[in-house]
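Student: Right, I'll just put the structure down here and ask away after.
The values are calculated or read from the model by the stated rules, or taken from the named source; none is laboratory data. On a predicted model such as this, the values are computed, not experimentally measured, just so you know. A quick note on method: Cβ atoms are made from the backbone with ideal geometry, for glycine too, and the neighbour counts reach across all protein chains shown. Only protein heavy atoms, including side chains, enter the accessible area calculation; ligands, DNA and RNA are left aside. Shrake-Rupley method; radii C 1.70, N 1.55, O 1.52, S 1.80 Å.
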Amino acid sequence: FKAPSTDHPALYRDLLRTNRVHWIAEEPPAELVRDKMMECHFRFRHQMALVPCVLTLNQDGSVWVTLVKPARAIAPGQFAVFYKGGECLGSGKILRMGPSVYTMQQGRNQEGSPKKEEIDKIEPVT
């Protein structure tokens, strides 16, 4: 897929899934274990601005990352690095992506868009 412009909605996503996260200090952070979700920040490119997100812990140690606002040009194979209060918590390789903003906009014109459970069934990119 080639987007018509560098700012095309097809380049923006607000949901992704990592593989098992490598946590640095706490395996995984107590708040994430207790609440099954945690607000923090992440980046997927060196020196990019931190993006607010919510992590949802999966049983296999992977996480769903829901971004507060869609980010541009996230791709499988990149690493999501998580931060809280200026501290690096850990990182995980991005395996799967939720639908793009473009797909979500198209979906609003039709019946229901894919749910997290449906996205979960998609085979990971290797």
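Student: Could you sort 48-55, 25-32, 97-104 so that the peptide with the highest average Cβ count within 10 Å comes first and the rest follow in order? Numbers along the way, then the final one.
Tutor: Values: 48-55: 16.5, 25-32: 14.6, 97-104: 18.2.
Highest-to-lowest ranking by the protection proxy: 97-104, 48-55, 25-32.
Student: Give me the percent of accessible area attributable to carbon and sulfur for segment 9-103, probe 1.4 angstrom. Present the calculation step by step, with values, prior to reporting the outcome.
Tutor: Details: 2700 of 4910 Å².
C and S fraction of accessible area: 55 percent.
Student: Quick one: putting +1 on the C-beta of Lys and Arg, -1 on the C-beta of Asp and Glu, what dipole do you get for segment 9-103 around its Cα centre, in Debye to the nearest 20? Mind dumping the intermediate values first?
Tutor: On the way: 12 positive and 8 negative charges, 85 e Å.
Dipole magnitude for segment 9-103 comes out near 420 debye.
Student: Considering only His22, Asn58, Ser5, whose Cα is most displaced toward the positive end of the charge dipole of segment 1-59, charges sitting on Cβ of Lys, Arg (+1) and Asp, Glu (-1)?
Tutor: Checking the options against the dipole of segment 1-59, the answer is Ser5.
Student: So which trypsin sites (Lys or Arg not before Pro) in segment 20-71 are both in a DSSP loop and have at most 15 other Cβ atoms within 10 Å of their Cβ?
Tutor: Numbers: sites: Arg20, Arg34, Lys36, Arg43, Arg45; in loops: Arg20, Lys36, Arg45.
Of the trypsin sites (Lys or Arg not before Pro), the ones in loops of segment 20-71 whose Cβ has at most 15 other Cβ atoms within 10 Å are Arg20, Lys36, Arg45.
Student: Short version: ³J(HN,Hα) in whole Hz for each residue of segment 53-60, in order, from phi by Karplus 6.51 cos²θ - 1.76 cosθ + 1.60 (θ = phi - 60°), x for Gly and Pro, what are they?
Tutor: Those phi angles translate into 8, 10, 8, 10, 7, 9, 4, 7 Hz.
Student: Let me ask you something else. Work out from phi, with θ = phi - 60° and the Karplus expression 6.51 cos²θ - 1.76 cosθ + 1.60, the ³J(HN,Hα) of each residue of segment 38-44, listed in order in whole Hz, and give x for Gly and Pro.
Tutor: Per residue, the Karplus-derived 3J(HN,Hα) values read 7, 7, 7, 10, 8, 9, 10 Hz.
Student: Let me ask something additional. Rounded to whole Hz and in sequence order, give me ³J(HN,Hα) for segment 12-29 from the Karplus expression 6.51 cos²θ - 1.76 cosθ + 1.60, θ = phi - 60°, writing x for Gly and Pro.
Tutor: Those phi angles translate into 10, 9, 10, 9, 8, 10, 9, 7, 4, 7, 8, 8, 8, 8, 10, 10, x, x Hz.
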